[in-house]
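> Dropping a structure here in structure tokens format, bear with me for questions.
What follows draws every value from the coordinates through simple rules; no lab data is involved. This is a predicted model, so every value here is computed, not measured. Positions of Cβ are backbone-derived with ideal geometry, glycine not excepted, and every protein chain shown enters the neighbour counts.
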Amino acid sequence: MSETAVRLEGLSKRYRIGAQAERNDTFLGATLGQAFSFVRNWKNIRNLTHFDAGQNGDDVIWALKDVSFDVRQGERIGIIGQNGAGKSTLLKIISRITTPTSGTATIYGRCASLLEVGTGFHPELTGRENIYLNGTILGMTRAEIKRKFDEIVDFSGVEKFIDTPVKRYSSGMRVRLAFSVAVNLDAEVMIIDEVLSVGDAEFQKKSLKKMEDVGRQGRTVLFVSHNMYGIRRLCERAVLLEEGQVAKIGTAD
Amino acid sequence: MADVNANPEEQPTPTRPIVIGQPSGWAIVDLPELWRYRDMLLFVVWRDIKTRYSQSAIGIGWALIQPVFFMITHTFVFGRLLSVESDGSPYAVFSYLALVPWVYFSNSVIDGTNSLNTNTAMLTKVYFPRVILPLSAVAARSMDFLIAFALLIPLMAWYRIGPTPWAAAAPLLLLILFVTSLGLGMWLTALSVQYRDVRYAIAFMMQLLMYGSPVIYPVSMLPERFHLIYAINPMVGIIEGFRAGFLGTGPMPWDLIGIGAATAVFFLLVGSLVFRRTERFFADVA
């Protein structure tokens, strides 16, 4: 049980806010911009990866600064903090969407992230087709989805409309279907960002219960939420982030 | 893949730990990882094909409309009015044999270039091998190619032209075509994430480049000494190869094809290097 599932060591992430300013809006500007794009490109990439002195000016913010903690296998850990505290950035790094500016994150096992449900859903495709498309985007194989198909459809409660294009779904149905795909992923480490606030009250209850089951199966869950009720119910430990730094680690209460 | 019914605790974790840090240097595409995501590649290709013509009356017929109408216009303007040579073949077939690979090339490079920008939502929410996006965009256009290519059979029957044995080289030409499109698609899409200018430039660059390829005229109209330089454009060898194979306009131009193939490989190498080099920033700048 005490084996490490996720280890974060000195994780920092710097964003450059000023990058937008260089974009050209006119044809001439665009053409000239093209001609010098190699120079600019090289500069931008360099700025994103290098820590030259004097480059930490006003247009640079640190979304994360030197974050280190370990998550044990089978642990459910909550990550809390105000807007802009760096919660989502942290999850984005752990789920490999973006790379840290410095430090490392090590993940032992397969990692599934539910940063936003329904990624890659196409409105013209049917519910069935979207389950396969979305499932494979999340890293499942076709055979795996086939095996879990009934479970996914059952959980979503949209059996009747499974062969209807998703654009005809109500927004609640769409979200429920998407959540059902994501929650049925087989992964040792699950990363969840606010997604439990989807659907109606009944579906939320079902989702919370599902997440508890997931935890009981010995899977590790990293959970970000503003919903303290959910955090208390699901998580054994919680990490409080403030301005990109770990302010407190302790029990969920 | 783990069995659903088995207790996860009983299974050792076979996967080695994933270390997320700052990758450095230049690397080529991670093929084993791409292989693990092959089902996603298939479904994204299938999605692109299925949704491109959904809720359109003509549907997949749009794959034919572009090359056929180009053929009619070119035959009238260049074949009749300007009497451009066509190496002894009927101008319509001569033109169509160039238009089918050309339209594929043009559309797949444009789609490939736009692939990251049109899928920004996926890019910023889920991890997957990013190369799937340009790869599937280029692959999805193959369906259009095959449909347009099939029209060649009635067209050649109408003009009573039979293919030469060299038509068997078509899969090789197709491979060069695919490699060229993929290489350029990866290269340009990696740039277009940061510089939207690339997106606007590519459509009109393709129009210009059509005149730099033997689409409306044969290579034989150019002075001999320029042929080998001209062939640096891979479309030269591909188009002339198709014409030689299917119309017998001359011997198979292996010199042109060889030079074009070298350019194609160069595009693929540079494209994948640039792509790998910049992909870790995609989610930040998209």
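> Taking the Cα centre of the stretch B:136-265 as origin, sum charge times position over the Cβ atoms of Lys and Arg (+1) and Asp and Glu (-1), and report the length of that vector in debye to the nearest 20.
Computed about the Cα centre, the dipole is about 180 debye.
> Continuing with the same structure: Exposure proxy check: B:Phe226, A:Phe121 ranked by fewest other beta carbons within 10 Å?
Fewest-to-most ranking of B:Phe226, A:Phe121: B:Phe226, A:Phe121.
> Give the lysines whose C-alpha is closer than 27 Å to that of A:Lys87, dropping any in the same chain fewer than 8 places away, or say none.
A:Lys13, A:Lys65, A:Lys205, A:Lys206, A:Lys209, A:Lys210, A:Lys248, B:Lys125
> Using the Kyte-Doolittle scale, which helices in chain B average at least 0.0 and also have C-alpha atoms spread 30 Å or more along the helix axis, with helices defined as whole DSSP H runs?
Values: long enough: B:91-118 (39 Å, 0.59); B:170-194 (37 Å, 1.82); B:254-278 (35 Å, 1.35).
The qualifying helices are B:91-118, B:170-194, B:254-278.
> Using only C-alpha atoms and all pairs of different ones, pull out the Kirkwood radius for the stretch B:67-125 in Å with one decimal.
One over the average 1/r among Cα pairs gives 13.4 Å for the stretch B:67-125.
> From the helices alone, meaning DSSP H stretches of at least four residues, give me the mean residue ellipticity at 222 nm for the protein assembly as shown, per-run term -39500 (n - 2.57), in deg cm²/dmol to the nearest 500.
-15500 deg cm²/dmol
> Work out the mean other chain Cβ neighbour count within 10 Å for the residues of A:130-139 and drop it here as an integer.
Average per residue, whole number: 6.
> Would you order A:Asp70, B:Asp111 from fewest to most other beta-carbon atoms within 10 Å of each residue's own beta-carbon? List each step's numbers first, then the result.
On the way: A:Asp70 15, B:Asp111 23.
Final ranking by Cβ density, sparse to dense: A:Asp70, B:Asp111.
> I need A:Leu240, A:Leu133 ordered by Cβ neighbour count within 10 Å, fewest first.
A:Leu240, A:Leu133
> List the trypsin sites (Lys or Arg not before Pro) within the stretch B:109-181 that DSSP assigns to loop and that have no more than 11 neighbouring Cβ atoms inside 10 Å.
Within the stretch B:109-181, the qualifying trypsin sites (Lys or Arg not before Pro) (loop, at most 11 other Cβ atoms within 10 Å) are B:Arg160.
> Return the ratio Rg/(2.2 N^0.38 Å) for the protein assembly as shown, where Rg is computed over Cα atoms only.
Values: Rg = 26.7 Å, N = 539, 2.2 N^0.38 = 24.0 Å.
Taking the Cα Rg and dividing by 2.2 N^0.38 Å, one obtains 1.11.
> Which is farthest toward the positive dipole end of the protein assembly as shown among A:Gly172, B:Ile238, A:Gly84, measuring Cα position about the Cα centre, with Cβ charges +1 (Lys, Arg) and -1 (Asp, Glu)?
Comparing the listed Cα positions along the dipole, A:Gly172 ranks first.
> While we're looking at this one, here's another question. How big is D, in µm² s⁻¹, for chain B by Stokes-Einstein at 37 °C and 0.692 mPa s if Rh is the Kirkwood radius over C-alpha pairs?
It diffuses with D of about 159 µm²/s by this estimate.
> So what's the convex hull volume per residue for the Cα atoms of the stretch B:55-179, in Å³?
Spelled out: Cα convex hull of the stretch B:55-179, divided by residues, is 130 Å³.
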